[in-house]
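Written below as structure tokens is the structure these notes are about.
The values are calculated or read from the model by the stated rules, or taken from the named source; none is laboratory data. Here the structure is a predicted model, which is why all the values come from computation and not from measurement. Note: ideal-geometry Cβ built from the backbone for every residue, glycine included; neighbour counts use all protein chains shown.
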Amino acid sequence: MEKKKLAMGIVAVAVLSLVLALLTTGISTKVKTGSEAAKDEKLILGAWADDSGVDIEFADNNVFKMFGDDVATYTMDTKEKNVDMKYAQAYGGQTTHMSYVIDGDTLTLTDRDTGDVHVYKKTQ
């Protein structure tokens, strides 16, 4: 009888430890996701250029610039890794839906509607 109680106690402690480990992992993942979002919002800021000489810039006031002109406003969905750019009327007034990947000093934007891929290197 004592052995049975001891075995049940060990199982209970093991299960409790497993539950606590899973809860702790879940909480730390949520915190990491939040910090990853803030990280992306900071990393995208600044000037970028592609191989053909197209210069773009993401400003911290959610303005997207091309060749130094304010051409669009942008919004980021860091959870889905998307950035949408609403162009000013002078530039057609359309909205472009892009997915993004930031890898060090490389920014890859992929048009979610057409599949066109644009690769930029950080310049500032």
_If I filter the range 73-83 down to residues being free of Cβ contacts under 8 Å to residues at least 24 places away in the same chain and either surrounded by 16 or more Cβ atoms within 10 Å (Cβ to Cβ) or in a loop (DSSP other than H, G, I, E, B) (or both), which single residue comes out as farthest from the chain's Cα centre (by Cα)?_
Thr73
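Taking into account only those residues within the range 84-102 that are hydrophobic (A, V, I, L, M, F, W, C) and more than 19 Å from the chain's Cα centre (by Cα), which is nearest to Thr123 (Cα to Cα)?
Step one: of the range 84-102, the residues hydrophobic (A, V, I, L, M, F, W, C) are 85, 88, 90, 98, 101-102.
Pick out the ones that are also more than 19 Å from the chain's Cα centre (by Cα) and you get 88, 90.
Working: Ala88: 25, Ala90: 26 Å.
So the residue we want is Ala88.
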_Residues that are on the phi > 0 side of the Ramachandran plot, in contact with an Asp or Glu (Cβ under 8 Å, 6 or more places away or on another chain) and modelled with pLDDT of 95 or more, drawn from the range 52-84_ = Lys81
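Output the residue which, of all residues in the range 85-124 that are outside any strand (DSSP E or B) and more than 18 Å from Thr73 (Cα to Cα), is modelled with the lowest pLDDT. Even if it seems obvious, please write down each step before you answer.
To start, the set of residues in the range 85-124 that are outside any strand (DSSP E or B) comprises 88-94, 104-105, 112-116, 123-124.
Of the ones still in play, those that are also more than 18 Å from Thr73 (Cα to Cα) are 104-105, 113-116, 123-124.
Details: Gly104: 95, Asp105: 96, Asp113: 97, Thr114: 97, Gly115: 98, Asp116: 97, Thr123: 95, Gln124: 76.
Within the range 85-124, the match that is modelled with the lowest pLDDT is Gln124.
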_the range 50-69 residues that are over 16 Å from Thr96 (Cβ atoms), paired with ones that are among the β-branched types (Val, Ile, Thr) (beta carbon under 8 Å, 6 or more apart)_ = Asp51/Val119; Asp55/Thr123; Phe67/Val54
